[in-house]
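Visitor: For reference, the structure I am asking about is given below.
The values are calculated or read from the model by the stated rules, or taken from the named source; none is laboratory data. Owing to the predicted nature of the structure, the values given are computational and were not obtained by experimental measurement. Every residue, glycine as well, gets a Cβ built from its backbone with ideal geometry; the counts of neighbours run over all protein chains shown.
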Amino acid sequence: MKVLILGGTTEASALARTLAEREIPALFSYAGRVTAPKPQPLPTRVGGFGGVAGLANFLAEERITHLVDATHPFAERMSRNAVAAAERLGTELLALTRPPWAPEHGDRWQRVDGIAAAVDALAGPPQRVLLAIGRMHLATFSAQPQHHYVLRLVDHPDAPPPLPLPRHTVIVDRGPFTREGDLALLREHGVELLVCKNAGGAGAAAKLVAARELGLPVVMIDRPALPPRREAHSIDEVLAWLAH
Ligand code: NAP
């Protein structure tokens with residue numbers, strides 16, 4: 001048996017720890033998006049594979065028997081490639097995902113089905129907006145330049161080109177976050193509205209709890225649809241699948 005974990009999430013790191021402790025042969029893969037990725041207790045490679053064909057070659061060369069897609073629920077391309085490459089080679093595939101968040105009493109969510117729809121939802125007078133969507137799609141929000149955007153990012157976006165958002169504040173931090181910390185952040189920056197992706201999980205949920213307590217509206221971006229695949233929500237389920 002040899003496992004490949006597609007990582008970039010807290011769950012992927014937790015699985016890597018468990019496999020290393022149990023001495024289950026495994027490799028870890030990062031996309032290479034952040035400058036200092038968390039070190040893993042497994043042999044680690046960094047960077048894209050080169051599409052479905054590149055991933056299929058890698059799986060064959062490394063004799064991977066079990067592929068665990070533990071990427072973020074919004075890493076759509078990687079997840080689609082994993083399904084296609086595993087199908088091509090007959091490799092076992094399991095997605096380790098977190099259940100999506102559901103609105104609770106007191107939440108003021110507007111659900112939208114993608115980044116473009118989130119941008120449209122921001123039409124209107126200027127507000128202070130916590131844009132908690134990562135770094136990749138920030139430029140799209142230049143279509144609503146009237147707002148002051150508070151951006152929480154893993155790395156400082158100091159590399160050119162500059163962010164095309166005329167008014168913004170960057171906060172460099174990485175999760176897991178706490179309710180107290182996020183309450184303080186929303187208050188300190190006078191945030192009036194949040195925009196986020198329905199990532200699920202505990203580490204990023206603090207901002208939703210804080211928004212609920214402050215009665216703030218949230219534009220919640222729903223997850224992209226993915227092809228059918230076997231899914232697990234816990235490390236134990238992954239271990240049971242590996243043992244099978
Ligand atoms: P994506 O759009 O689905 O992937 C774009 C390309 O990046 C893939 O086609 C693949 O390149 C490469 N890639 C992605 N994940 C990889 C991995 N674990 N190992 C090797 N190559 C990988 O992905 P994304 O949304 O940019 O996410 C990139 C990474 O950030 C992922 O590890 C994801 O878990 C993490 N992340 C994403 C988000 C988010 O909101 N999207 C949030 C937190 C963390 P090739 O086609 O060349 O193989």
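Visitor: Residue under question is Ala210, and the condition is that it be aliphatic (A, V, I, L, M), out of contact with any strand residue (DSSP E or B) (no Cβ under 6 Å at 6 or more places or on another chain) and surrounded by 19 or more Cβ atoms within 10 Å (Cβ to Cβ); does it hold? Don't jump to the end; show me each part of the working.
Guide: Numbers: aliphatic (A, V, I, L, M): yes; out of contact with any strand residue (DSSP E or B) (no Cβ under 6 Å at 6 or more places or on another chain): yes; surrounded by 19 or more Cβ atoms within 10 Å (Cβ to Cβ): yes.
Spelling it out, Ala210 is indeed aliphatic (A, V, I, L, M), out of contact with any strand residue (DSSP E or B) (no Cβ under 6 Å at 6 or more places or on another chain) and surrounded by 19 or more Cβ atoms within 10 Å (Cβ to Cβ).
Visitor: Let me ask something else. Under 8 Å between Cβ atoms, at least 6 apart or on separate chains: pull out the pairs that start in the range 65-81 with a residue that is more than 14 Å from Gly48 (Cα to Cα) and end on any residue that is more than 6 Å from the ligand (Cβ to nearest atom) and of a type in the set (Phe, Trp, Tyr).
Guide: As it stands, the answer is His66/Trp241, since those pairs meet every condition given.
Visitor: For Gly32, all conditions in the list (1) closer than 26 Å to Leu153 by Cα; (2) in contact with a helix residue (DSSP H, G or I) (Cβ under 9 Å, 6 or more places away or on another chain) hold save one; what is the number of the exception?
Guide: (2)
Visitor: Turning to a different aspect of this structure: Is it the case that the range 185-198 has a residue that's among the β-branched types (Val, Ile, Thr), touching a residue at least 40 places away in the same chain (Cβ under 8 Å) and crowded, with 19+ Cβ neighbours inside 10 Å? Before the answer, list the steps.
Guide: From the range 185-198, those among the β-branched types (Val, Ile, Thr) are 191, 195; that's our starting set.
Filter once more, keeping what is touching a residue at least 40 places away in the same chain (Cβ under 8 Å): 191, 195.
The next check asks that each one be crowded, with 19+ Cβ neighbours inside 10 Å; those that pass are 191, 195.
Within the range 185-198 (the criterion being among the β-branched types (Val, Ile, Thr), touching a residue at least 40 places away in the same chain (Cβ under 8 Å) and crowded, with 19+ Cβ neighbours inside 10 Å), the answer is yes, since at least one residue qualifies.
Visitor: If I filter the range 89-107 for residues that are over 18 Å from the mean Cα position of the chain (by Cα), among the hydroxyl-bearing types (Ser, Thr, Tyr) and not in a loop (DSSP other than H, G, I, E, B), do I get at least one hit?
Guide: No.
Visitor: Looking at the range 134-157 only, could you name the residues that are modelled with pLDDT under 95 and in a loop (DSSP other than H, G, I, E, B)?
Guide: Matches in the range 134-157: Gly134, Arg135, Met136, His137, Val154, Asp155, His156, Pro157.
Visitor: Going by the structure shown, is Pro228 more than 19 Å from the chain's Cα centre (by Cα), within 30 Å of Leu94 (Cα to Cα), part of a loop (DSSP other than H, G, I, E, B) and of a type outside the set (Val, Ile, Thr)?
Guide: Yes: the conditions hold for Pro228.
Visitor: Checking Ala53 against (1) of a type in the set (A, V, I, L, M, F, W, C); (2) farther than 20 Å from Leu242 by Cβ; (3) touching a strand residue (DSSP E or B) at 6+ places or on another chain (Cβ under 8 Å), only one condition comes out false. Which one?
Guide: That leaves (3) as the condition not met.
Visitor: Next up: Within the set of pairs 6 or more residues apart or between chains, which connect a residue that is touching a residue at least 60 places away in the same chain (Cβ under 8 Å) inside the range 226-238 to a residue that is assigned to a loop (DSSP other than H, G, I, E, B) and surrounded by 14 or more Cβ atoms within 10 Å (Cβ to Cβ) with Cβ atoms less than 7 Å apart?
Guide: Glu231/Thr97; His233/Thr97; His233/Arg98
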